[in-house]
Amino acid sequence: MTNSENHTESDVAAAVDAPETTSLALEISIAGEKVQFSVTLPSGPATWEHLLPFMRGLVKVSSDISQEYFSAQGQPISCRGGCAMCCRHRVPIAEFEAHRLRRLVESMPEPRRTEIIARFQAVEERIRAAGVAGSLDSDEPISLEEMTRRAGSYFRLMIACPFLEDESCSIYDERPLKCREHLVTSPAENCADPEQLPVVGLPLPLRVYLTTLLLDDEPGSPGIRWVPLNELISWTDAHAPEQPGRTGPELLHEFMSKLVQPNH
């Protein structure tokens, strides 16, 4: 990878189309590499979804840089097509991602739309039957530790993501940020039993998905707000989409100020 790359936004349109946009040039240091981005956003009121193409671009570059480095160290990723054990996890997504995915489901032709909704409903029935704690009946923020504990309980149920078909993601181009970040360098078969076998995730210089869970958080909040992907239908039924508020540049400034860059 060269020390400088240009990435221009081109993705699915956001929910709200602004009549006027502004283009901003950013240079970001990612694991010591200077990467240039051109971000086009509404100059007026916007939502977090308008930043999604930029967020996806950050994940792509962060992942590419990390894969290149660890492959050179003899630790290439082991994820392959048809290896979908990660699609049995409880995937945390931001609220704006939840509403975008719900619109995706609603845009599907029949009978596929009804089939996908039925899959989500079946998953929620299994969760309640198993007594696994979740956010089905609560909007209270939770800690990262509690989120991890719930994730372990859910994984043991081995419930496939409703979007999984023939061990492949049926909405791959629209998959959540968390799914885009999840790669491992340990043997793929270890992912089937992470409590007994070591599973080593690919370290990333940026944690974009985690940053989205920190957006609009309230000072002093005891935890973070998130939506489990498996509860997409019930959660979006109960919550209205975000309305445009701050300008696109203001949202970009907040996102960049909170962008998580862990030390590896």
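The values are calculated or read from the model by the stated rules, or taken from the named source; none is laboratory data. Keep in mind that what you see is a predicted model, and the values were worked out from it rather than measured. With ideal geometry, Cβ positions are generated from the backbone for all residues, glycine too; neighbour counts draw on all protein chains shown.
Being without any contact (Cβ under 8 Å) to a residue 24 or more places away in the chain and either assigned to a loop (DSSP other than H, G, I, E, B) or within 12 Å of the chain's Cα centre (by Cα) (or both) is the filter here, so list the residues in the stretch 174-199 that pass it. Spell out the reasoning first.
Step one: filter the stretch 174-199 for residues without any contact (Cβ under 8 Å) to a residue 24 or more places away in the chain, giving 175, 189-190, 193, 196-199.
Residues satisfying the conditions are 175, 193, 196, 197, 198, 199.
Can you tell me which residues in the stretch 76-94 are modelled with pLDDT of 90 or more and assigned to a helix (DSSP H, G or I)?
Answer for the stretch 76-94, where residues must be modelled with pLDDT of 90 or more and assigned to a helix (DSSP H, G or I): 87, 88.
Quick check on this structure: which one of 213, 251 is part of a helix (DSSP H, G or I), among the hydrophobic types (A, V, I, L, M, F, W, C) and within 19 Å of residue 145 (Cα to Cα)?
213
So which residues in the stretch 150-173 are polar (S, T, N, Q) and either in a strand (DSSP E or B) or over 16 Å from the mean Cα position of the chain (by Cα) (or both), if there are any at all? Show your work before the answer.
Step one: of the stretch 150-173, the residues polar (S, T, N, Q) are 153, 168, 170.
Correct list: 153, 168.
Looking only at the stretch 233-250, how many residues end up being among the acidic types (Asp, Glu) and within 21 Å of residue 161 (Cβ to Cβ)?
1
Quick check: is even one residue across the stretch 195-203 small (Gly, Ala, Ser) and either touching a Pro at 6+ places or on another chain (Cβ under 7 Å) or closer than 14 Å to residue 97 by Cα (or both)? Quick ask: steps written out before the conclusion?
So the first thing to find is which residues in the stretch 195-203 are small (Gly, Ala, Ser), and the list is 201.
Within this subset, residues satisfying the condition of being either touching a Pro at 6+ places or on another chain (Cβ under 7 Å) or closer than 14 Å to residue 97 by Cα (or both) are none.
Among the residues of the stretch 195-203, not one is small (Gly, Ala, Ser) and either touching a Pro at 6+ places or on another chain (Cβ under 7 Å) or closer than 14 Å to residue 97 by Cα (or both), which makes the answer no.
I want to confirm something. Restricting to the stretch 95-136 and keeping residues that are modelled with pLDDT of 95 or more and in a loop (DSSP other than H, G, I, E, B), which single residue is nearest to residue 177 (Cα to Cα)?
Result: 108.
How many residues are surrounded by 12 or more Cβ atoms within 10 Å (Cβ to Cβ), at pLDDT 55 or above and assigned to a loop (DSSP other than H, G, I, E, B) when one looks only at the stretch 1-50?
Total meeting the criteria: 5.
Take the residues of the stretch 240-264 that are at pLDDT below 90 and within 20 Å of the chain's Cα centre (by Cα): which is surrounded by the fewest Cβ atoms within 10 Å (Cβ to Cβ)?
Restricting to residues being at pLDDT below 90 and within 20 Å of the chain's Cα centre (by Cα), the top hit is 262.
Would you please name the residue that is modelled with the highest pLDDT, looking only at residues in the stretch 168-227 that are in contact with a strand residue (DSSP E or B) (Cβ under 8 Å, 6 or more places away or on another chain) and of a type in the set (Gly, Ala, Ser)?
By that ranking, first place goes to 170.
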